[in-house]
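The values are calculated or read from the model by the stated rules, or taken from the named source; none is laboratory data. Note that the structure is a prediction, hence the values are computed from the model and not measured. Here the Cβ positions follow ideal geometry from the backbone for every residue, glycine too, while neighbour counts run over all protein chains shown.
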Amino acid sequence: MTELNGRTKQMPVRHSDRVAVFNPIMEINNLDVYYGNFHAVRDASLEIGRNQITAFIGPSGCGKSTVLRCLNRTNDLVPGARVAGKINYRGHDLYGSEVDPIEVRRRIGMVFQKPNPFPKSIFDNIAYGPRVTGMKMNKTETEDLVEHALTRAGLWSEVKDKLDQSGFALSGGQQQRLCIARAIAVEPDILLMDEPCASLDPIATALIEDLMIELVSDYTVVIVTHNMQQAARVSDRTAFFSAQVDDHGQRYGHLVEVDLTTKIFTNPSDTRTEDYISGRFG
Amino acid sequence: MSFDIGVTQKSKNSESNLKSLVFLGLLWFSLFVAFLFLVVLLVTTFMNGIGRYDIRLFTEYNNTTPEDAGARAAILGSLFVVTVTALMAIPVGIASAIYLEEFADKSKWYNRFIELNIQNLAAVPAILYGMLTLGILSLLGFKNKNVVFGGSLALALLILPVVILTTREALRAVPQEIRDGSLALGATQLQTVGHQTLPAAVPGIATGTILAVSRAMGEAAPLLLLGALVFITYDPNGLLAGFTTMPIQIFGWTSAPQEEFKTLAAAAIILLLTILLSLNAIAIFIRNKFAKRW
C-alpha cells in the first residue's frame, strides 16, 4: 500500500520516447475466432508493446472488437465462441489449460463502449474490484486506494465530496472515467478499451485521451476506435483491420497490417489501409 | 385544386376522428362495466359485513352459534400457512430463476424444455396442485392430509412458477453491461450474481414475490381438496397440525344455513380484502420507489 501511496504522479512520457522502445508484452499468433459455425476473424498476428498505446482501427464488422475481447478472454462468456491460435502474454499461453480466465481478466482490465457504472455509490464502484478479487484491506487502505484510483483517472477533484452518491449521478464523461478508475483499482497490467469515447462529447473525449497518454507510463493500453483522428492522436502503433468476403460469400475480419501509427497514417504498406485512411471507403 | 384536396383530407380526418372516438368510447364502457361490478361487490360486502367487523372477529374461535364465532383460527392459520409457503417457495424459486437466467446454457434443449414447462405450469389450474399434493402426501404415508405442511406444500407448488418467472424477468431487466463490467474486473460469475445482478433485481423480485404470496393467501381450491374444511378451535401449533385459513373459513360460513354466518363471512372478506389490497399496494410501492432507469 505504501508503494501505492508513495507513487507520485509521473509526467507523461513523450510520444517519440514511447515509440523508441518496443518491448512486446503480448504476442498474438494466427488468431482465429469462431462464433458457432461463423468464422469471424481469420489469421490475425500482431504484437502489443509494453507501455505503449496500440490502436485497432477499421470499418464495422472487421473483427477489431472481437480480437480485443480475446485479449482478456471476455469472448469466453459468449456462448458458442471459440478461439484458435496462440496468444502469448508474459510467456504464458493465455488460452492454456492451466490458465484461469478470472485471473486473466483481473490482470487485463477492460473499459467498454457505453459507460457502465454499477448501481452503487462512487466509492463502492471503485472498491468493488479489489473486494471481489480478494485484496485484503482495512478501511483506511480501501479509502486510500479509492482516492488513488480516482486521482489517477483525473476524477478525484470532481467527486471527492460526493463519494457516497450513485455512479449514475455523474455525467457520461465522468462515468467513463469512473469506469477507468474502477479498472485501475485492481492494478491491472493491460487496459483494453473498446471505443471508450463513442458515446462522449469532444471535451469528454479529449479528457479521456489525455488520461490514456498519462496512464500508459504505468499500463499498456489497447484501444479500439472508429475515430481515426483519435488513433493518430494517442496511439503509438496502429493495427488496421478490414472486412473481407471469402469464396463462399461469408464476411470475415482480417488484420491487414500493423505498424507505427506515424507510418500507418503517412505511408501505409497496403493499399487497403491507404484507401481507408484517406476516406475512400469505410 | 388545392382547396379540393384540403376538403377531402379534412373529411377523412374527421371520419377517422369519429372512429377513434367510438373505439375509445367502447374501451371506456368496458372499463366502466368491469369497475361497476367491482364497486357493487365491494359495497354490498362492506354493507353486509361491517356490522360484524368487530373485535370478536379477531379474538374468537369458530362456534356453532354465530354470535360467539370469530375467525381467530383462520387469521392465524392463514398467516402461518402463508409464511411456511413463502419459506418453501421463495428460496427455491429465486434459486431456480438464477440458474435458468444466469448459468443455464440456453442452447441446450433440456434448459429450453424446463423453461417452457415452467411457463406452462404458471397457467395450470390451482386445483391440480391440490391433487398433486394429495398424491405426494399419500406417498409419504400421511393419514391426515389436512396438515399445515400439506397446505403449504400445495400453495408453494402453486406459486413457485410465478416466483420463478417474475424473478427471471427482474434479472433479465438488469443490463448486460453491469455483468460485463463486473466480470471484466476479475469477479467470478457467482460474485457477479451475488454482488451486482441480484441486488439490482431485488425490487423486481420483491414485487413479484409479494404478488405471489398474496395469491397464496387468497387461494382456497387446493386446500379444500386436502380436506381443509374442518372445524378448528385452536391456534395453529405445528407443521403437522390441522389448520384452517381465511378463504376456507369464508367458504365454510357462506355455506352455513344461518343468515348470521353470511354476515360473518362478509366481515371476514373485508379483512381478507384489506390484507390482499395492502400487499398489492406494497408491491406497487416497491416497484415505483426502486424503479431504475439505466
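Brief remarks follow.
- The residues of region B:171-183 that are crowded, with 20+ Cβ neighbours inside 10 Å and among the small types (G, A, S), listed by number, are B:G181, B:S182.
- Of all residues making up region A:138-168, the number that are free of Cβ contacts under 8 Å to residues at least 24 places away in the same chain and assigned to a helix (DSSP H, G or I): 8
- Listing of strands (runs of 3 or more DSSP E) fully contained in region A:171-282 that carry 3 or more residues being over 17 Å from the mean Cα position of the chain (by Cα) and farther than 30 Å from A:D144 by Cβ: A:237-245, A:251-260
- Failed item, numbered, when A:F118 is tested on (1) away from chain B (no Cβ under 14 Å); (2) of a type in the set (F, W, Y); (3) within 20 Å of A:L191 (Cβ to Cβ): (1)
- Just one of the listed residues (B:L137, B:L153) is surrounded by 16 or more Cβ atoms within 10 Å (Cβ to Cβ) and either farther than 22 Å from B:V213 by Cβ or without any contact (Cβ under 8 Å) to a residue 40 or more places away in the chain (or both), namely B:L137.
- Qualifying positions in region B:101-127 - in contact (Cβ under 8 Å) with a residue 40 or more places away in the chain and not in a loop (DSSP other than H, G, I, E, B): B:E101, B:E102, B:F103, B:I118, B:Q119, B:L121, B:A126, B:I127
- Strands (runs of 3 or more DSSP E) wholly inside region A:31-110 containing at least 2 residues that are within 14 Å of chain B (Cβ to nearest Cβ) and buried (at least 17 other Cβ atoms within 10 Å of the Cβ): none
- Qualifying residues in region B:94-121 (those that are aliphatic (A, V, I, L, M) and either within 14 Å of another protein chain (Cβ to nearest Cβ) or buried (at least 17 other Cβ atoms within 10 Å of the Cβ) (or both)) - the one farthest from B:V163 (Cα to Cα): B:A104
- Of the residues contained in region A:253-274, none is found to be more than 22 Å from A:E27 (Cβ to Cβ), in contact with a Gly (Cβ under 9 Å, 6 or more places away or on another chain) and either surrounded by fewer than 16 Cβ atoms within 10 Å (Cβ to Cβ) or at pLDDT 90 or above (or both).
- The residues of region B:184-199 that are within 7 Å of chain A (Cβ to nearest Cβ) and surrounded by fewer than 22 Cβ atoms within 10 Å (Cβ to Cβ), listed by number, are B:T188, B:Q191, B:H195.
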